[in-house]
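Colleague: This structure is in structure tokens; I'll ask about it shortly.
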Amino acid sequence: KKGSMINMIKNKTGCKIVVYDLRGNELYRSYQNYITKRDENKAEIDANAVFSSIKFVLKDCASKYQITALGVDSFGEAIVLLDKDDIPLTNIITGGDVRGEKEAEYLSNKLGKDVISSITGLEPNYAYGINKALWFKNNKPENVEQGMKTLDAYVSTQKENGLLYLEIGYDAAE
């Protein structure tokens, strides 16, 4: 069908796309799950599993509809270390992972909660990417030198069959 729009949503359990016609009526849904590994302090996802899920739902919808517009949400606080070729060195750490708690406290003490809030519009919180980045720096320094990206930036750099998966959007405050 011509003139279809899709909205892609990634979260901690999977990737979903909803296809709409140009009047906003829902036409189709596609979903592919992935596993979040959890324990009391960690919440991690395999970056390749996320990218595979994104490819699956995009191909599923594109095989049924001519897509003319795409809306993509941001995974937000998720962060992953990559090598120089954008290959994941670690699993993705999600916002629900408490690693970064000490780093959030450190930044709050160093900069002040009021300063952080005036810059970001948010209260300091361990869930935000900056705290995860500091955690990686403090705990995986050998990997940090190679590179670090948000999950959304990782997805946007993946290529397959000469096509670049383009995804724009990251909450700057995070």
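Colleague: Determine the gain in length on full extension of the stretch ASP39-GLU101; use 0.36 nm per residue of separation and subtract their C-alpha separation, reporting nm with one decimal.
Modeller: Once the chain is fully extended between ASP39 and GLU101, it gains 20.8 nm.
Colleague: Under 5 Å between amide hydrogens, which residues at least 5 positions from GLY14 or on another chain qualify, with H placed 1.01 Å from N in the peptide plane?
Modeller: TYR34
Colleague: Per-residue HN-Hα couplings for the stretch 106-121, Karplus 6.51 cos²θ - 1.76 cosθ + 1.60 at θ = phi - 60°, whole Hz, x for Gly and Pro?
Modeller: Result, rounded to whole Hz: 4, 5, 4, 6, 6, 9, x, 4, 5, 5, 4, 5, 5, 7, 9, x.
Colleague: Excluding ligands, DNA and RNA, what is the solvent-accessible area per residue of the stretch 55-119 at a probe of 1.4 Å, expressed in Å²?
Modeller: Value for the stretch 55-119: 53 Å² per residue.
Colleague: Please report the carbon-and-sulfur percent of the accessible area for the stretch 7-84; probe 1.4 Å, protein heavy atoms only, DNA, RNA and ligands left out.
Modeller: Accessible surface attributable to carbon and sulfur in the stretch 7-84 totals 47 percent.
Colleague: Sticking with this one: If packing is taken as the mean number of other Cβ atoms within 10 Å per residue, what is the order of 131-141, 20-30, highest first? Please list the in-between numbers first.
Modeller: On the way: 131-141: 18.0, 20-30: 12.5.
Per-residue Cβ counts within 10 Å, averaged per peptide and sorted highest first, yield 131-141, 20-30.
Colleague: Amide H to amide H under 5 Å from LEU70: which residues, 5+ apart in sequence or cross-chain, H placed 1.01 Å off N in plane?
Modeller: Hits under the 5 Å cutoff: ILE6.
Colleague: Which parts of the stretch 24-55 would a label at GLU142 reach, counting a residue when its backbone N lies under 12 Å from a point 7 Å out along Cα-to-Cβ?
Modeller: Those under the cut-off are none; the list is empty.
Colleague: When the Karplus curve 6.51 cos²θ - 1.76 cosθ + 1.60 is applied with θ = phi - 60°, which whole-Hz ³J(HN,Hα) does each residue of the stretch 47-61 get, with x for Gly and Pro?
Modeller: Values, residue by residue: 4, 5, 5, 4, 5, 4, 5, 4, 4, 4, 5, 5, 5, 4, 5 Hz.
Colleague: Here's a follow-up. First check a/c for the stretch 1-89, with a ≥ b ≥ c the square roots of the eigenvalues of its C-alpha gyration tensor; if it is under 1.5, answer rounded, and if not, answer prolate when a/b is larger than b/c or oblate otherwise.
Modeller: Details: a/c = 2.62, a/b = 2.04, b/c = 1.28.
Judged from the Cα gyration tensor, the stretch 1-89 comes out prolate (a/c at least 1.5, a/b above b/c).
Colleague: If the chain between ASN11 and THR90 were fully stretched, how many nm would it gain, using 0.36 nm times the residue separation less the Cα-Cα distance?
Modeller: Taking ASN11 through THR90 to full extension adds about 26.6 nm, to one decimal.
Colleague: Separate question: Quick one: what are the phi-derived ³J(HN,Hα) couplings along the stretch 27-35, Karplus 6.51/-1.76/1.60 with θ = phi - 60°, whole Hz, x for glycine and proline?
Modeller: So the Karplus estimates, Gly and Pro as x, are 10, 6, 10, 9, 9, 9, 8, 9, 9 Hz.
The values are calculated or read from the model by the stated rules, or taken from the named source; none is laboratory data. For clarity, every value in this text was computed on a predicted model and none was experimentally measured. For neighbour counting, all protein chains shown are included, and Cβ atoms are generated from backbone atoms with ideal geometry for every residue, glycine included. Ligands, DNA and RNA are excluded from the accessible area calculation, which covers all protein heavy atoms including side chains. Shrake-Rupley method; radii C 1.70, N 1.55, O 1.52, S 1.80 Å.
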